[in-house]
Amino acid sequence: MSKLDYRPRTFHVHLSIRGYLRGATKRELGQLFEDGNGRQLSADEAREHMMDLLSEGKEVIPMGRPCEGFDFSGGGCPGHIKE
């Protein structure tokens, strides 16, 4: 039997793509992403981008930069031990 590690951890927030697409309004979708030049994607462009992510097997996306060990297939942030 292994010993459990109870040290404090930080977990980064992630977003379920399917869950968001189910409930997001066009206004919300239109405020979610920017392209590489800082241009806000339209709601239709954002929806298409999220559908592309799903087709790549990604179920969740980070709400910021992906952290070390981020699992796009659904697990999200694995947690990081606080130093």
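Here's a check for you: in segment 6-22, which residue that is in contact (Cβ under 8 Å) with a residue 12 or more places away in the chain and part of a loop (DSSP other than H, G, I, E, B) is farthest from GLU83 (Cα to Cα)?
The residue in question is VAL13.
Check GLY23, GLY19 and return the single one that is surrounded by 10 or more Cβ atoms within 10 Å (Cβ to Cβ) and out of contact with any Lys or Arg (no Cβ under 9 Å at 6 or more places or on another chain).
Unique residue meeting the criteria: GLY19.
Could you tell me how many of the residues in segment 36-66 are over 15 Å from THR25 (Cα atoms), in contact with an Asp or Glu (Cβ under 9 Å, 6 or more places away or on another chain) and without any contact (Cβ under 8 Å) to a residue 12 or more places away in the chain?
Of the residues in segment 36-66, 1 are over 15 Å from THR25 (Cα atoms), in contact with an Asp or Glu (Cβ under 9 Å, 6 or more places away or on another chain) and without any contact (Cβ under 8 Å) to a residue 12 or more places away in the chain.
Identify all residues within segment 23-73 that are more than 14 Å from PHE11 (Cα to Cα), under 11 Å from the mean Cα position of the chain (by Cα) and either of a type in the set (D, E, K, R) or assigned to a loop (DSSP other than H, G, I, E, B) (or both); write none if there are none.
Listed by number, the residues that qualify are LYS58, GLU59, PHE72, SER73.
No value in this document is a laboratory result; all are computed from the given coordinates. The structure displayed is predicted, hence computed values, not measured ones. As a convention, Cβ positions derive from the backbone with ideal geometry for all residues, glycine included, and neighbour counts pool all protein chains shown.
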